[in-house]
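Comments concern the structure below.
The values are calculated or read from the model by the stated rules, or taken from the named source; none is laboratory data. Predicted model, so just to flag it, every value in this text is computed and none were measured. Methodologically, a virtual Cβ is constructed for each residue, glycine included, from the backbone with ideal geometry; neighbour enumeration extends over all protein chains shown. Ligands, DNA and RNA are excluded from the accessible area calculation, which covers all protein heavy atoms including side chains. Shrake-Rupley method; radii C 1.70, N 1.55, O 1.52, S 1.80 Å.
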Amino acid sequence: RLAYAFTPSMYVQSLFQHSNETHTLTANIRFGWLGPAGTGLFVVYNEGRETGANERPLDRAFLVKFTRQFGR
């Protein structure tokens, strides 16, 4: 697990896990740019892959979420 904050409202986090039992590797990388009251921009990349003799990708996702509060 790694985390770095550029400013109090902008950060990047990552998590990598390897399982010897199932021979899989998963990675999650997140970027957040926070606004007031939990709003902001969030970018997430997830990947899972099989390791060992049958190395191949299992799943992959790239997500972008922007939240904004309207009104009061």
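Tabulated data for the structure shown
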{"item": "With every protein chain in place, segment 32-72: carbon and sulfur % of accessible area (1.4 Å)", "result": "57 percent"}
{"item": "Spin-label proximity, residue 23 to segment 39-69 - amide N less than 13 Å from point 7 Å beyond Cα toward beta carbon", "result": "50-57"}
{"item": "For the chain, radius of gyration divided by Kirkwood radius, i.e. Rg to Rh on alpha-carbons", "result": "1.14"}
{"item": "Positive dipole terminus of the chain, leading residue within 57, 20, 31 (C-beta point charges)", "result": "31"}
